[in-house]
Amino acid sequence: MANKYEQLADILREKIRLGTYQEGDAIPSEATLQEEFHYSRHTVRQAIAVLVNEGYLRKERGSGTYVSKPETVNHKNRKTIGIIMTYLSDYIFPSIMRGVEQTLREQGYSLLLGSTNNDHEQERACLQQMMDQGVDGLIVEPTKSSQYNPNLAYYVALQEAGIPLVMINAYYEELELPHICVNDTRSGFLATNYLLEQQHQQLMMITKIDDLQGKYRMKGFVKALTQAKRTFAAEDVLTYTTETKEAVIEQAIQRLTAADNQVTGIVCYNDEIAHRLIQALTAAGKNVPTDFSIVGNDDSPLSTLSTPTITTLTHPKEAMGELAAQWITTGKATEAQRFYFEPELIVRGSVNNQKGE
């Protein structure tokens, strides 16, 4: 656990980052800080000394202590774009990064990467790093975008500081920020409608509920069934979060192998879930697509490596990265605009016609 002076230094540093104390402002006196935070004068002086040493504060004899951001924040000769992703090393994210990197490097920008692992605390640490390094723009894949985000104040502070921001794949509904996404409602609709066209009468959906993609893909699932005048059972919509991904596969297997199961078609949140489900069904003695037809999403490498290959929806990964980089470097990221790529169905081996046609 941090010492008391370190805790106070963290609090004051946070106030500076978020603009509560702005550059050039005098911070409260030592006596005021003592009274507000209930620390000794020695502790207050230690905390201030830490921030002076870091460059966040400067002391002026006979006048007071003033906010003075670290030199990295005001270093104007650098051209650095920050990129914060939920994950950097797997699934579709390397392809997005290629699109971003190619565009930015051609224009002489360097990249500062951060990964949140879809965790709000790690997102906060990434944002603090980006602010401290003085990035010239920021491309962010939101963390748990369908939940309340305790880090919204950081994004507001970046906006107020004039730092261009672009959200990709999802966005925070509380903020008016430019974002580039896939039309996920359309993705869910196309996946569901295709299974209906293949004469599957009872469908299941497995979707993620701590991000907007899952929310809108479920919306498309419901929309397709409604238009087809089909119903679905409550127990045939399985949801999970970042932390419960493994458990939902077990839940699906129990449901699909039950004696009274009528489901033959499954819409999966993404190709990873589809791939895991195929593996689990195979281990349970079932065959895809003979016993069950499955549709994934995102057209990831897993969709072609799986056996059978997975019917999926397109995700223009590199194009999304390129567009985000263009918005950042051309000033479009300062406008609250949005762009949605329209998905297309890619038919592969994981779906068959239920009537054998």
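Coordinate-derived values only; no laboratory data. No experiment lies behind these values; they were computed from the predicted model shown. Cβ coordinates were reconstructed from backbone atoms using ideal geometry, including for glycine residues, and neighbour counts include every protein chain displayed.
At-a-glance table
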{"read-out": "Full-extension gain in nm, Ala49 to Arg338, via 0.36 nm per residue minus C-alpha separation", "value": "99.6 nm"}
{"read-out": "Against the rule of thumb 2.2 N^0.38 Å, how large the Cα Rg of segment 265-304 comes out", "value": "1.06"}
{"read-out": "Convex hull per residue volume in Å³, alpha carbons only, for segment 184-315", "value": "96"}
{"read-out": "Stokes-Einstein diffusion coefficient of segment 101-257, Kirkwood radius over Cα pairs, 10 °C, 1.306 mPa s, in µm²/s", "value": "89"}
{"read-out": "Relative compactness, segment 1-155, computed as alpha-carbon Rg over 2.2 N^0.38 Å", "value": "1.22"}
{"read-out": "Point-charge dipole on Cβ atoms (K/R +1, D/E -1) for the chain, about Cα centre, debye to 20", "value": "180"}
{"read-out": "Cα-Cα over 26 Å, subset of Lys4/Lys59; Lys245/Lys317; Lys79/Lys144; Lys219/Lys286; Lys223/Lys355", "value": "Lys79/Lys144; Lys219/Lys286"}
{"read-out": "Normalised contact order of the chain, rounded percent, pairs of Cα under 8 Å and 6 or more residues apart", "value": "17"}
{"read-out": "Computed [θ] at 222 nm, helices only, for the chain once each DSSP H run of length n ≥ 4 contributes -39500 (n - 2.57)", "value": "-12500 deg cm²/dmol"}
{"read-out": "Degrees, to the nearest 10: 245-256 long Cα axis against longest axis of the chain", "value": "20"}
{"read-out": "Inter-site label distance for Ala26 and Asn287 at 7 Å from Cα along Cβ, in nm", "value": "8.3"}
{"read-out": "Rounded FRET efficiency, nearest 0.05, which uses the C-beta distance separating Ala258 from Gln122 and R0 of 25 Å", "value": "0.05"}
{"read-out": "Cut-off 14 Å between beta-carbons: net charge of the residues surrounding Glu342, Lys and Arg +1, Asp and Glu -1", "value": "-1"}
{"read-out": "Computed Rg/Rh of the chain, alpha carbon atoms with Kirkwood Rh", "value": "1.10"}
{"read-out": "Debye equation applied to the C-alpha atoms of segment 124-172, log10 I(q)/I(0) at 0.25, 0.27 Å⁻¹", "value": "-1.03, -1.19"}
{"read-out": "Ratio of the Cα radius of gyration of segment 1-47 to 2.2 N^0.38 Å, where N counts its residues", "value": "1.11"}
{"read-out": "Net charge, Ala153 excluded, C-beta distance under 12 Å - Lys, Arg +1, Asp, Glu -1", "value": "0"}
{"read-out": "Folded to 0 to 90 degrees: helix 120-133 orientation relative to the chain principal axis, Cα", "value": "50"}
{"read-out": "In degrees, nearest ten, helix 4-17 long axis to first principal axis of the chain (Cα)", "value": "80"}
{"read-out": "Centre separation in Å (Cα based) which lies between segment 13-56 and segment 186-255", "value": "51"}
{"read-out": "DSSP-defined beta bridges in the chain - what % are antiparallel, rounded to 5", "value": "20"}
